[in-house]
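The values are calculated or read from the model by the stated rules, or taken from the named source; none is laboratory data. A quick note: this is a predicted structure, and the numbers were derived from the prediction, not measured. Neighbour counts are summed over all protein chains in view; Cβ atoms, including those assigned to glycine, are modelled from backbone coordinates with ideal geometry.
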There are 2 protein chains.
Amino acid sequence: MSRPAVILVSGGLDSATTLAIAAGEGFECHAISFSYGQRHAVELEAAARVCRSLHAASHRVIELDATAFAGSSLTGDGDVPRGRSPEELGEGIPSTYVPARNLVFLSHALGVAEGIGSSDLFIGVNAVDYSGYPDCRPEFIESFSATANLATRIGVEGETIRVHAPLQDMGKADIIRRGLELGVDYGLTTSCYAPGEGGSPCGDCDSCSLRAAGFAEAGVDDPLTRRCS
Amino acid sequence: MSRPAVILVSGGLDSATTLAIAAGEGFECHAISFSYGQRHAVELEAAARVCRSLHAASHRVIELDATAFAGSSLTGDGDVPRGRSPEELGEGIPSTYVPARNLVFLSHALGVAEGIGSSDLFIGVNAVDYSGYPDCRPEFIESFSATANLATRIGVEGETIRVHAPLQDMGKADIIRRGLELGVDYGLTTSCYAPGEGGSPCGDCDSCSLRAAGFAEAGVDDPLTRRCS
């Protein structure tokens with residue numbers, strides 16, 4: 001019998017690849033997504049498509065109170081940054097940073113994991129081609145793992161809780177190559193921070209820029225932009 | 001100008017005392033409570049009363065998706081333990097343990113703190129007269145503090161985030177004495193895990209037992225039980 005794991009699935013490229021990696025390692029994959037007033041709520045539909053496509057054992061969407069996430073351009077306060085080059089993305093923490101987001105997400109994932117008797121969490125953070133968020137760094141994931149093992153019944157009485165971040169040291173192009181090997185259909189994902197009607201990517205927010213650079217470096221076409229052009 | 005702090009206020013005796021301590025230290029107190037499908041929802045009314053009484057600068061109730069908290073007798077799965085002596089309470093983790101609860105609560109508190117420009121969190125955990133929950137121990141609070149400083153913009157770019165747990169090393173009687181010095185009206189609080197009609201305490205759940213033993217040791221009457229008898 002395969003062991004259960006809880007996978008954070010946003011609907012984006014990284015988390016789709018992470019789900020495929022967890023499934024490839026033989027885990028029974030229980031996906032969770034969050035509805036938190038994000039302006040790109042189309043990503044929840046993408047998350048559902050990705051989970052179906054990769055045969056997740058379950059997919060639950062956890063509602064988070066949007067008032068707890070004020071102060072980010074991703075939840076409606078101000079414009080998202082545009083037209084930044086991949087080099088500029090590493091400089092400082094942009095306005096799309098959502099206060100304590102990954103900590104809140106992982107904490108909820110841990111609660112779900114305990115509820116289903118799982119001690120494995122997967123998150124698709126990576127600290128190479130990323131947007132400069134503090135909660136994507138390896139030192140955060142490591143510290144969270146330690147806290148998780150002190151916070152929970154399972155960590156105290158049972159097995160060690162493991163927080164897997166398989167993309168941690170991978171660039172965007174490597175992530176895309178790995179996902180394609182594992183059969184991820186990136187045409188089902190969405191990356192844009194400020195999508196237009198029907199979910200079409202804007203093409204110049206930080207997330208679109210990182211995605212385009214990744215596909216270019218991997219030497220493959222992005223099925224999303226191919227479909228839209 | 002006083003500095004803002006975020007205080008977790010459940011409506012119970014410990015968090016009321018914590019709020020009074022934070023106010024006594026000169027912080028501008030922003031209280032948060034959580035609605036998470038707890039069967040003792042009467043505690044949210046108590047939290048509001050306590051916040052008014054102690055002049056909190058704000059009080060927000062954050063809704064948490066109850067499906068993320070399955071597997072606890074506090075959220076409706078099974079009976080709460082009854083008739084245990086204070087000595088028995090330290091043995092093992094009881095069914096009232098809610099998976100990852102304090103981690104989820106503190107993570108949200110951190111998000112709120114960042115939103116209002118605060119770097120001080122207060123939580124009323126104590127590891128002396130407690131129910132055996134792993135997420136009430138000093139080592140959990142310490143580990144969470146480290147994680148919080150790695151997870152957030154404020155921790156990375158600004159001030160150190162401090163997680164205050166002023167009751168950490170206090171027994172229940174000492175907490176009550178300290179609260180009475182600070183003017184806490186414990187008649188406004190509620191502690192029972194399974195209150196009856198009108199919020200009256202059951203008298204024999206773990207939380208009622210700890211409360212009764214605390215008031216007895218402090219040598220004062222509990223205004224709650226006095227009112228009900």
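Below is a table of values for the structure above.
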item: Residue match in segment B:82-97 (condition: away from chain A (no Cβ under 12 Å), surrounded by 23 or more Cβ atoms within 10 Å (Cβ to Cβ) and either at pLDDT below 95 or in a helix (DSSP H, G or I) (or both)); result: no
item: Residue in segment B:186-198 that is surrounded by 20 or more Cβ atoms within 10 Å (Cβ to Cβ), touching a strand residue (DSSP E or B) at 6+ places or on another chain (Cβ under 8 Å) and farther than 17 Å from B:Val9 by Cα present; result: no
item: Which listed residue is more than 11 Å from chain B (Cβ to nearest Cβ), crowded, with 17+ Cβ neighbours inside 10 Å, modelled with pLDDT under 95 and within 14 Å of the chain's Cα centre (by Cα), from A:Gly37, A:Gly12; result: A:Gly12
item: Index of the failed condition, B:Glu181 passing every other in (1) surrounded by fewer than 21 Cβ atoms within 10 Å (Cβ to Cβ); (2) within 16 Å of the chain's Cα centre (by Cα); (3) more than 13 Å from B:Ser15 (Cβ to Cβ); result: (2)
item: Test: B:Glu25 is modelled with pLDDT under 95 and among the charged types (D, E, K, R); result: no
item: Cβ-Cβ under 7 Å pairs, at least 6 apart or on other chains, segment A:140-164 side more than 20 Å from A:Cys29 (Cα to Cα) and in contact (Cβ under 8 Å) with a residue 40 or more places away in the chain, far side surrounded by 23 or more Cβ atoms within 10 Å (Cβ to Cβ) and among the charged types (D, E, K, R); result: A:Ala151/B:Asp135; A:Thr152/A:Glu114
item: Filter result for the condition that a residue is touching a Cys at 6+ places or on another chain (Cβ under 8 Å) and among the aromatic types (Phe, Trp, Tyr), over B:Tyr186, B:Tyr133, B:Tyr193; result: B:Tyr193
item: Top-ranked residue in segment B:100-128 [being of a type in the set (Gly, Ala, Ser) and within 7 Å of chain A (Cβ to nearest Cβ); ranked as surrounded by the fewest Cβ atoms within 10 Å (Cβ to Cβ)]; result: B:Gly115
item: Residues being in a helix (DSSP H, G or I) and closer than 30 Å to A:Val61 by Cβ - total across segment B:17-65; result: 6
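Residues checked against (1) surrounded by fewer than 20 Cβ atoms within 10 Å (Cβ to Cβ); (2) in contact with a Lys or Arg (Cβ under 8 Å, 6 or more places away or on another chain); (3) more than 14 Å from every other protein chain (Cβ to nearest Cβ); (4) closer than 20 Å to A:Ala23 by Cβ:
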position	(1), (2), (3), (4)
A:Pro138	yes, no, no, no
A:Phe144	no, no, no, no
A:Ala148	no, no, no, no
A:Ile154	no, no, no, no
A:Glu157	yes, no, no, no
A:Arg162	yes, no, yes, yes
A:Gln168	yes, no, yes, yes
A:Ala173	yes, no, yes, no
